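What follows is one structure encoded as structure tokens, with my remarks underneath.
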Amino acid sequence: METTNKAQLHCPRLPELSARAFWLCVAAVVLIKCVLTSFQSAYIWVGGAPLDDELMFRAANAISNGEWLGAYDYLTLSKSMFFAVWLAFLHALHLPYLISGQLLWCGASLLAALAFRPWLRHAGRGRWAELVLFAVLAFNPASTAAYTLRVYRDNIFPALCLFCFAGFCGALLRAIFTPEARRWPWLLAAGAGLVTGYLDREDAGLFLLPFAALATLVLVWLTLRQHHPRRLAALVLPFALLGAGILTFCGLNQHYYGVFALSDFSTGSFADAMGAMARVEAPEGYTPLVAVTKGARELLYENVPELAPLEYWLEEDPQLQNDFRDPELDDYRAGSFYWAIRRAAQFEGLYDTAQEAEEYWASVAARINALCDDGTLPSWTGERSSTTPPIRAEHVLPVLAESAKGALWALTFQDCQPYEALRSIGTEEDFAQWSAYLHCSFNGAAEAGKDTPYYSPYQKIVFGFLQGVRYVYAALLPLSFLYTLYLQIKKILAVFKSRKRETLLPWALLLVLLGMAALRCAMIAFVEVSSFGIGTSTMYLATVHPLLLLYAAAGILTERRSGHVHA
């Protein structure tokens, strides 16, 4: 039963939204977001991003021409390529790149808001709360930050991840509060986010799969507890979609390049070779950010005949030194060395085919591991297969510090300006080609007498408004986060006193979402400390912002209304 106290009867309330009014408001929010972001301009640097933006653009053009990812070289299978498929899809439908990314983000935000409907209704909240949650997520300042203006996969990665999280949350909350409700549409949405996110970035599996596995285990327990064994089959749906997506991409790579793999970079013989090289103990000892030092490379050139031809390119070639070597370290950072050695191998003709490259790196890995095992090469760790440097004791404190910095960075929306401060670089022909394919404009025009991009007065007004939104979020999210944390502690204590442990499940879900945000911060922190050294980046942390917003906003909105008692 539900009762209402007398004091509450005298409190003015907004009239409940009808379903039609709710959807009209949702449409208005989406329209406002799209109108505001239509003033943004994309950013490119033709010739300056061969490993990132240009790689994706080249692959998308190849897909549009029916050539899958194009002619094979050392970059073709180096990254997960769903983003290239996304670009080709938008091009086929003549959809503008930047606006499409915003529509995808609004879709993910709406799904997340609707996912929490059962809990909101249980707490006595109506459609206004769902609308607020949607709007809070939709206007997330990180979704309009400068990194989204690049033609790169992180433009859509946060939205794909949010689809995955929202889908599983929707299924879990319906299992908790409305056991008879259908769960398969939410599992379908979760699977769509899981497979596209996994195929968009190589590190997505480490981020999404733990949550997917935990959510599925809880759903299995709830389904059996509620005596609905027939519903167990639907729980396979997200993982079936993931498997189908992986097999599709691997099959296409097998057909076009002869390699049944998503990538010949992060898995396979190249990862084996990089793991083997990182085993070699450097004569100069541990050097921060450097996985394979100059001293270790000299040992490798002397003892591994397969690597000897690469010495000139890695140690003397001016262009390769300029592109990849860190002048301050006078060496290759771990995050650059693997690109440098792949390009050096291509210069030696070892990337003419994917099979040749696979065989070459397999022979390198086998030789190094054998020499390490028999003591010819000094080794400080066991055999491993990874392009990521091994975890060292020296990494622990810096990673903890960078994780905390990343969390605070996301919590306060640092580096979320809605414009790119650098001017796009390229010829008029470049801009025309990219614009024709992506159906969007670029910030190629410069201010008179300067090399900074020109933005019209109207653009500056919109950018100022979006900056104002960022300031509001940066002020309110930390306070809301702390308040939700207080509510969570209070709820946990109350539940343990009442011994009604099942009522803790939705709050546990919020805590897990917070844990996923912390996991992402730690993942990015390790890469920063061990490999990149580029500084805290909003682009790599952009999946953290929506989780923090969801944690804070959902925690506050699901606080039970005063006077509502459920028997």
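No lab work stands behind these numbers, since they all come straight from the coordinates. Quick caveat: nothing in here was measured; it's all calculated off a predicted structure. Ideal geometry is used to build each Cβ from the backbone, glycine not excepted, and the neighbour counts take in all protein chains shown.
Summary table
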quantity	calculated
DSSP loop chymotrypsin sites (Phe, Trp or Tyr not before Pro) with at most 15 other Cβ within 10 Å excluded, longest remaining stretch of the chain	1-259
Net charge contributed by nearby residues that have their C-beta within less than 13 Å of V259 (K/R +1, D/E -1)	-4
Full-stretch length increase - K405, T503 - with 0.36 nm per residue and alpha-carbon distance subtracted	31.9 nm
Around W45: net Lys/Arg minus Asp/Glu count, Cβ-Cβ under 12 Å	-3
Ratio of Rg to Rh over the chain (Cα coordinates, Kirkwood Rh, two decimals)	1.00
Two-decimal Rg to Rh for region 247-350 - Kirkwood Rh, Cα set	1.02
Quotient of Cα Rg and 2.2 N^0.38 Å for region 135-187, N being how many residues it contains	1.48
Local electrostatic count, W184, Cβ distance below 14 Å [Lys/Arg +1, Asp/Glu -1]	+4
Unit charges at the beta carbon, dipole of region 450-567: most positive-side option, P506, V544, A525	P506
Spin-label model distance (nm) - E316 vs A475, 7 Å beyond Cα toward Cβ	6.3
